[in-house]
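Derivation of every value follows stated rules applied to the coordinates shown; laboratory data play no part. These numbers were taken from a predicted model, which means no experiment stands behind them. Positions of Cβ are generated from backbone atoms using ideal geometry, with glycine treated the same way; all protein chains shown enter the neighbour counts.
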Amino acid sequence: MQPSSVRTSSIPNVLSIAGVDPSGGAGVLADLKTFSALGAYGCGVIAALTAQNTQGVAGVHVPPTDFVRLQIDTLFADVHLHATKIGMLGSAEVTATVAERLAHWKAENVVLDPVMVAKSGDTLLAKSAIAMMREALFPQAFMITPNLPEAGVLLGQRGPDTVKEMYRAAERLRELLPVSSERWVLLKGGHLPGNDLIDLLFDGDRMIELPAPRIETKNTHGTGCTLSSAVAALLPQHAGGFRPVEAAVRQARLWLLGAIARSGELAVGHGHGPVHHFHALWPQ
Ligand SMILES: Nc1ncnc2c1ncn2[C@@H]1O[C@H](COP(=O)(O)OP(=O)(O)OP(=O)(O)O)[C@@H](O)[C@H]1O
Ligand SMILES: [Mg+2]
């Protein structure tokens, strides 16, 4: 169990369990920027190291599983975490350990981004870990945020590439989560062809369409990491409000659109550049 809160604050403590992208556009570093930009105190557990820039991934180093466990246990024993975002986990062993420790600590508001492939096309998750993710980690997740290719892999089918297929995929993905409690699927349509894109938010009952114009840019490194951590940062802040999950996701997407739109103000690398996490705070 988490320690009973001796200290309380309206600023939520939010954790990212993910990999490190040294270029800071994705992974734990981007998650921490997101938490900070959106009014949450950020913590990080490092599940994998990558050698990576805006053009590609040169290598992956997965730390010993026991050390991932020690990071989680040491943190949860002291800090009340109001939400946890999970990103790149690298191996089946780390996936199993994270799942087991999150269950032990009864982690709240777990937002699981089932990262499998980087924007550059490089693989970030061992094949053997996918079954482990579905079996052990999905039961711990309050929300999963797959992109279209990941939805295909999780369902054992071709990734959806029309809105109609996305509806069906969102319904089938919801069936992979526990049926009897509140759980959400956020199916991201960034990979849809065409100028209009749409994300779907589904809880098994309401299917909410979240359309957006596609912003013409190559600075889309880490959009997925950034969105899932924005949702994790905002869920505790909307708790108790009207339709809190929908409100958190809408705010997260609106903020991300601003971050993509203003990404051109940054000059980072020669490939897919990062989004501007502090667009709402720094002068234009
Ligand atoms: N060019 C764009 N313009 C506007 N919104 C976008 C664009 N690209 C992606 N998005 C939005 O960004 C979010 C992330 O979606 P995407 O499908 O790119 O995730 P992803 O593939 O997991 O990203 P990543 O490669 O960073 O892991 C979604 O809300 C999607 O609608
Ligand atoms: Mg992604």
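For the range 1-106, just say rounded, prolate or oblate: build the C-alpha gyration tensor, square-root its eigenvalues into a ≥ b ≥ c, call rounded for a/c under 1.5, and beyond that prolate if a/b exceeds b/c, oblate if not. Cα axes put the range 1-106 in the oblate bin.
Per DSSP H run of at least 4 residues, take -39500 (n - 2.57); add these up for the chain, divide by its residues and hand me the 222 nm value, nearest 500 deg cm²/dmol.
Values: 8 runs with 97 residues, N = 284.
Taking each H run of at least 4 residues, the total per residue is -10500 deg cm²/dmol.
Loop-located GluC sites (Glu not before Pro) in the range 211-279 (DSSP state other than H, G, I, E, B) with a sparse environment of at most 12 neighbouring Cβ atoms within 10 Å: 216. The distance between label points at residue 257 and residue 280 comes to 1.3 nm (points 7 Å beyond Cα on the Cα→Cβ vector).
Mind ordering 270-278, 186-194 by average Cβ neighbours within 10 Å, highest first?
270-278, 186-194
In loop segments of the range 79-187 as defined by DSSP, the trypsin sites (Lys or Arg not before Pro) with at most 14 further C-beta atoms inside 10 Å of their C-beta are 106, 127, 158. Only lysines eight or more places from residue 85 in sequence, or on another chain, were considered; those with a Cα closer than 23 Å are 33, 106, 119, 127, 188. Gain on full extension, evaluated as 0.36 nm per residue between residue 135 and residue 214 minus their Cα-Cα distance, stands at 25.0 nm. By its C-alpha gyration tensor, with a ≥ b ≥ c as the square roots of the eigenvalues, how is the chain shaped: rounded for a/c under 1.5, else prolate for a/b larger than b/c, else oblate? The shape class here is rounded. Relative to the Cα centre, the charge distribution of the range 13-265, modelled as +1 at Lys and Arg Cβ and -1 at Asp and Glu Cβ, gives a dipole magnitude of about 300 debye. The range 47-79 and the range 124-176 have Cα centres spaced 23 Å apart. Looking only at the range 107-137, which residues have a backbone nitrogen under 17 Å from a spot 7 Å from the Cα of residue 182 in the C-beta direction? Within reach of a label on residue 182, which here means backbone N under 17 Å from a point 7 Å along Cα→Cβ, the range 107-137 contributes 107-112. For the chain, modelled as a GNM whose springs connect Cα atoms under 10 angstrom apart, the maximal fluctuation among 96, 232, 30 occurs at 96.
According to the Cα-based calculation, Rg over Rh for the range 217-279 is 1.07, with Rh computed by the Kirkwood formula. For the chain, there are no membrane-span-like helices by this rule, meaning no whole DSSP H stretch whose C-alpha atoms cover at least 27 Å of axis and whose Kyte-Doolittle mean is 0.5 or above; this says nothing about an actual membrane.
Residues within the reach of a label modelled at residue 205 (point 7 angstrom out along Cα to beta-carbon, backbone nitrogen below 20 Å), restricted to the range 113-157, are 141-144.
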